[in-house]
Amino acid sequence: MSDAAAKPAPKDWILGIHAYVPGKSAADDGRPLIKLSANENPLGTGAAARAAMVAATADLATYPDPGAAKLREAIGAVHGLDPARIIYGTGSDELLHIAASAYAGPGDEVLYVRYGFSVYDIAARRVGATPIEAPDADYATDVDALLAAVTEKTKVVFLANPNNPTGTMTSREEIARLHAGLRSDILFVLDQAYAEYLDADEDDAGLELAKSASNVFVTRTFSKIYGLAAERIGWGYASQDVIDILHRIRAPFNVTTAGQAAAVAAIQDNEWVEASRAHNAQWREWLAGEIASLSNHGLRAVPSRTNFLLILFDGKLTAEAAMKGLWDEGYATRWLPGQGLPNGLRITIGTEEQTRAVAAKLRAMAEAA
């Protein structure tokens with residue numbers, strides 16, 4: 001007879017996963033908040049992408065193109081890439097997960113920098129690999145520390161550039177040096193979720209590196225500057241060998257028909273991208289200046305090349321108190337104790353009105369503390 005008390009047992013390594021915690025959109029008492037916790041585009045979605053999405057919903061009974069041919073062609077045309085070497089996913093998150101799944105497992109190590117994107121730890125543990133954190137350099141990537149942490153067990157290296165949640169940027173020279181220092185059997189995953197916010201001369205040349213290197217996988221997303229977070233669309237580029245392997249475990253029909261159409265329109269809408277980039281640059285620098293003026297109260301903004309600022313609270317005003325005070329003003333921000341940053345708030349750059357309101361509240365709280 002079967003034991004009535006018995007139940008399916010998960011793999012031991014699954015029990016070590018702390019589920020991903022999304023940015024808050026409501027206070028603890030349930031009040032809805034303006035969401036500056038998830039790095040979404042405060043300007044919304046461009047008109048071209050919206051129109052394309054609506055038009056694509058005429059046929060809801062048919063599966064989407066499993067090869068996302070038009071999307072791959074559009075991405076290839078914009079970035080000068082071979083469409084056959086482009087893969088697509090349910091956000092770039094799916095691509096990060098399948099990269100770990102394909103190249104790491106029990107007994108292997110997955111390496112990333114301290115204060116890296118929280119999905120890297122989850123992706124490693126999900127497949128039974130051991131996550132390894134390399135020390136940072138004042139919240140930024142330390143290439144020497146990453147290389148020193150490589151062992152014979154290292155199979156995947158994740159690096160977000162610019163980095164989330166710190167906003168810091170690693171130069172193209174340092175990216176090249178990191179890649180050159182890795183064994184050729186290590187998959188180097190370069191997560192460029194915020195690349196569209198960079199100026200042209202700040203590009204880390206990751207896509208160029210992936211054109212010739214057999215072990216580089218670059219990922220990007222339509223969730224940030226393109227304003228398509230609700231549709232969950234990501235893409236990646238690597239050698240044909242890597243792409244062929246990843247396709248074996250990619251979910252079928254993973255990007256919807258409407259999502260594919262919206263993404264094609266979005267990536268071709270240069271005017272929207274430029275307007276979003278310009279707005280972000282203006283108000284990120286303005287907010288950084290406001291935080292700098294509060295340095296005598298223990299506030300500091302980590303230099304950012306993204307659409308958010310990581311603000312450190314090392315004075316009387318704590319990050320937790322600041323988060324709750326901003327709730328009172330109707331704003332959700334991202335407090336980060338789970339990522340080893342109990343003194344940090346990550347704040348998305350919002351509209352002008354939102355950014356000014358956040359800065360005013362932070363000043364009032366800092367001066368009153």
Problem set entry | Heavy-atom accessible area ranking, 1.4 Å probe, most first, across 352, 109 | 352, 109
Exercise. By DSSP, what percent of the beta bridges with both residues in the stretch 146-291 are antiparallel, rounded to the nearest 5?
Worked result: 30
Exercise. In sequence order, what are the phi-derived ³J(HN,Hα) couplings for the stretch 277-293 according to the Karplus relation 6.51 cos²θ - 1.76 cosθ + 1.60 with θ = phi - 60°, rounded to whole Hz, with x for glycine and proline?
Worked result: 5, 5, 4, 5, 4, 4, 7, 5, 5, 4, 5, 4, x, 5, 5, 4, 6
Exercise. Can you run phi through the Karplus equation (6.51, -1.76, 1.60; θ = phi - 60°) for the stretch 167-177 and list ³J(HN,Hα) in whole Hz, with x for Gly and Pro?
Worked result: x, 6, 10, 9, 5, 5, 5, 6, 4, 4, 5
Exercise. Evaluated at 37 °C with a viscosity of 0.692 mPa s, what Stokes-Einstein diffusion coefficient in µm²/s does the stretch 296-369 have when Rh comes from the Kirkwood expression over alpha-carbon pairs?
Worked result: 268
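In Å³ and rounded to a whole number, note down the convex hull volume per residue for the Cα atoms of the stretch 1-129. Present the calculation step by step, with values, prior to reporting the outcome.
Working: hull volume 35.1 nm³, N = 129.
For the stretch 1-129, the hull spanned by Cα atoms encloses 272 Å³ per residue.
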For this session: Once every Cα of the stretch 269-329 carries one equal point scatterer and solvent is ignored, give the base-10 log of I(q)/I(0) from the Debye formula at q = 0.20, 0.27, 0.29 Å⁻¹, two decimals.
Result: -0.81, -1.12, -1.18
For this session: Take every DSSP beta bridge with both residues inside the chain and express the antiparallel ones as a percent of the total, to the nearest 5.
Result: 50
For this session: For residue 217, enumerate residues with amide H under 5 Å from its amide H, sequence gap 5+ or separate chain, H modeled in the peptide plane.
Result: 188, 189, 190
Problem set entry | Residue list for the stretch 306-340, given a label point 7 angstrom along the Cα-to-Cβ vector of residue 281 and an amide N cut-off under 13 Å | 306
Seminar exercise, completed: Excluding ligands, DNA and RNA, the carbon-plus-sulfur percentage of the accessible area of the stretch 43-186 with a 1.4 Å probe reads 54
Seminar exercise, completed: Note, the stretch 188-198: 3J(HN,Hα) by Karplus (6.51, -1.76, 1.60, θ = phi - 60°), whole Hz, Gly/Pro = x, goes 9, 9, 9, 8, 10, 4, 10, 4, 5, 8, 7
Exercise. Given H placed 1.01 Å from N in the peptide plane, which residues other than close sequence neighbours of residue 164 have an amide H under 5 Å from its amide H?
Worked result: 117
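Classify the stretch 226-369 as rounded, prolate or oblate from the Cα gyration tensor: take a ≥ b ≥ c as the square roots of its eigenvalues, call it rounded if a/c is under 1.5, otherwise prolate when a/b beats b/c and oblate if not.
Prolate, because a/c is 1.5 or more and a/b exceeds b/c.
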Exercise. Under 5 Å between amide H atoms, partner at least 5 residues away or on a different chain: which partners does residue 39 have, H built in plane at 1.01 Å?
Worked result: 348
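Under the classification rounded if a/c is under 1.5, otherwise prolate if a/b is larger than b/c and oblate if not, where does the stretch 122-250 fall, given a ≥ b ≥ c as square roots of the Cα gyration tensor eigenvalues?
Working: a/c = 1.34, a/b = 1.10, b/c = 1.22.
It comes out rounded by the Cα gyration axes.
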Exercise. What number, rounded to the nearest 500 deg cm²/dmol, is the helix-based mean residue ellipticity at 222 nm of the chain, given -39500 (n - 2.57) per DSSP H run of at least four residues and division by all its residues?
Worked result: -11500 deg cm²/dmol
For this session: May I ask you to give the solvent-accessible area per residue for the stretch 87-170, in square angstrom, as obtained with a 1.4 angstrom probe?
Result: 30
Exercise. When you take every Cα atom in the stretch 218-282, what is the radius of gyration, and what is Dmax, the widest Cα pair distance, in Å?
Worked result: 13.9, 43
Seminar exercise, completed: The percentage of the accessible area of the stretch 246-311 (probe 1.4 Å, all protein chains present) made up of carbon and sulfur atoms, to the nearest whole number, is 55
Problem set entry | Protection-proxy order for peptides 200-206, 273-279, each taking the mean of Cβ atoms within 10 Å per residue, highest first | 273-279, 200-206
For this session: Please provide three numbers in whole Å: the alpha-carbon extents of the stretch 71-153 along the principal axes, with the largest listed first.
Result: 39, 30, 22
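Cα gyration tensor of the stretch 175-286, axes a ≥ b ≥ c as square roots of the eigenvalues: rounded (a/c below 1.5), prolate (a/b > b/c) or oblate?
On the way: a/c = 2.64, a/b = 1.23, b/c = 2.13.
Judged from the Cα gyration tensor, the stretch 175-286 comes out oblate (a/c at least 1.5, b/c at or above a/b).
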For this session: Could you tell me the distance between the Cα centroids of the stretch 1-76 and the stretch 128-194, to the nearest Å?
Result: 26
Problem set entry | Choice from 321, 58, 47 showing the highest fluctuation, given a GNM over the chain with Cα pairs closer than 10 Å | 58
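The values are calculated or read from the model by the stated rules, or taken from the named source; none is laboratory data. Note that the coordinates shown come from a computational prediction; the quantities given were computed from them, not determined experimentally. Note that each Cβ is placed from the backbone with ideal geometry, even for glycine, and that neighbours are counted across all protein chains shown. Surface areas here come from the heavy atoms of the whole protein model, side chains and all, with no ligands, DNA or RNA. Shrake-Rupley method; radii C 1.70, N 1.55, O 1.52, S 1.80 Å.
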